[in-house]
Structures are given as C-alpha cells and as structure tokens.
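What follows is one structure encoded as structure tokens, with my remarks underneath.
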C-alpha cells in the first residue's frame, strides 16, 4: 500500500516550494536561450521547437535525477591543471559556456551586419534549419540540466520532491517562453539585450567550470535591471509613436 504521510509533512511542502522557485530561477537562462534561438523559425515551427526543447529539458532532468550516484561522480576531478582539479561537470560547463559565447557572438554579428534571418527557399532547408535549432536547444538543455539537478540534490532529500519541482518548473518555463519569445520578436532591440544576456551567462558558465564562481544573484540582478530599462524604452517609444499620430 502506498503511504501518503508526506502530504501532511510541512517540511516536504516547504522544500518543494523552495526547490521549485530555485529551479525556475535557474531556468531563466534556458528560457532566454530558447526565446532567442526560436526567433529564426516561422511561428508554428517556433512553437514546436519550444515544446520539443522544454520537453527534452524535462526528460534530461528526470533522467539525471534517477542517476544520482553517477551524477554525484561528475564532481570528482578527472584531471588537474596547475593544481586545479577539473571534473566532468566542469568540462561540460566550460564547453557549454563556450558554445553560448560562440552562438551569441554569431547572432550579434549577423544582426549588426544585417545578414541574419534569411528566408529559406525550399522545404528541405526549412527542415534542416529546424533540426539544427532543436539540436542546439538540446545541447544547452543538457548543460543547464546538470547545473540544475546538482542544485536540486543539495536542497532536497526525496527524489519525488525533486521530480515534482522539476515538472512544475518546466511547466512554468513553457508558459513563460511563449510570451518572452513573442516580446523579443515584436521588439528587435530586446533581442540584442537577450543576446548580451547569453554572453554574460556563457562567461559565468566558463568561470564556474574553471573554479571561479560568480554568484547568480549578481547576474540575475543585472539582467533584471537591464530588462526594466529596456521595457521603459519600449513603453516610451510606443507613447512617442502614439503622440506622433
């Protein structure tokens, strides 16, 4: 018979709420990347790419949760450089951060030079583009999933609580990703801001990988401040256009 004693345990509910909030906060990076990258697809494909991307994020996180002993082993050093030990987790963070830096730099270059977002001529090219974007989302999902689940392991004792928190967080991320992507699409200047966020996140991942931890609170505070300033610019621009009419 299945025991439901945990339902009446306030400590478990508190850990669920806390972990869910933490997972949503850690998922901000994931949302920003997905929102930027799907902007290069037609609307219907963009929605499908978001669904697949966040679905993969959920699958990766659940699989990693049920691979706890293997995951904990990822933090064990596999080699040492100049007295600094590097684990598989560190390697994944450095590679993922480098990929974010590369991707954001290429996107910024295309936007500045005016060479991005070209329409594809055939269905084959559209399909290839869709597959490439989903593959990129999958790679970043894996990077962010490892960081997210290592945090979950340190904050909760029950796998069930971790799984529930991850599922709830992914659902919130899915609901948020559509409006965020739409806002970026409607306001091109925010796309450049989002790409700048990706550069900052990439640097933070590489720094974590080489043993220099940048508190995420600083990054999210900077991102929130920049987003508020950009939002004010968008509102001011809209009001100017209304007055001009």
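The values are calculated or read from the model by the stated rules, or taken from the named source; none is laboratory data. Bear in mind the structure is a predicted one, so any value in this text is a computation, not a measurement. Note that we place each Cβ from the backbone using ideal geometry, even for glycine, and neighbour counts take in every protein chain shown.
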Verdict on residue 98 being buried (at least 16 other Cβ atoms within 10 Å of the Cβ) and closer than 30 Å to residue 182 by Cα: no
Residue 206 touching a helix residue (DSSP H, G or I) at 6+ places or on another chain (Cβ under 9 Å), buried (at least 18 other Cβ atoms within 10 Å of the Cβ) and at pLDDT 80 or above: yes
Scan of region 182-211 for residues that are within 20 Å of residue 103 (Cα to Cα) and either assigned to a loop (DSSP other than H, G, I, E, B) or touching a strand residue (DSSP E or B) at 6+ places or on another chain (Cβ under 8 Å) (or both), ordered by number: 209
Matching residues, region 145-168, being crowded, with 20+ Cβ neighbours inside 10 Å and at pLDDT 80 or above: 165, 166
Residue in region 212-222 that is in contact (Cβ under 8 Å) with a residue 24 or more places away in the chain and either under 15 Å from the mean Cα position of the chain (by Cα) or in a helix (DSSP H, G or I) (or both) present: yes
Any hit, region 234-245, residues being part of a loop (DSSP other than H, G, I, E, B) and more than 21 Å from the chain's Cα centre (by Cα): yes
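Select from region 180-201 the residues that are modelled with pLDDT of 85 or more and within 13 Å of the chain's Cα centre (by Cα) and write down the one among them that is surrounded by the fewest Cβ atoms within 10 Å (Cβ to Cβ). Even if it seems obvious, please write down each step before you answer.
Of all residues in region 180-201, those modelled with pLDDT of 85 or more come to 196, 199-200.
Filter once more, so that each one left must be within 13 Å of the chain's Cα centre (by Cα): 199-200.
On the way: 199: 16, 200: 21.
Out of the qualifying residues, it is 199.
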Check on residue 173, part of a helix (DSSP H, G or I), surrounded by 14 or more Cβ atoms within 10 Å (Cβ to Cβ) and without any contact (Cβ under 8 Å) to a residue 60 or more places away in the chain: no
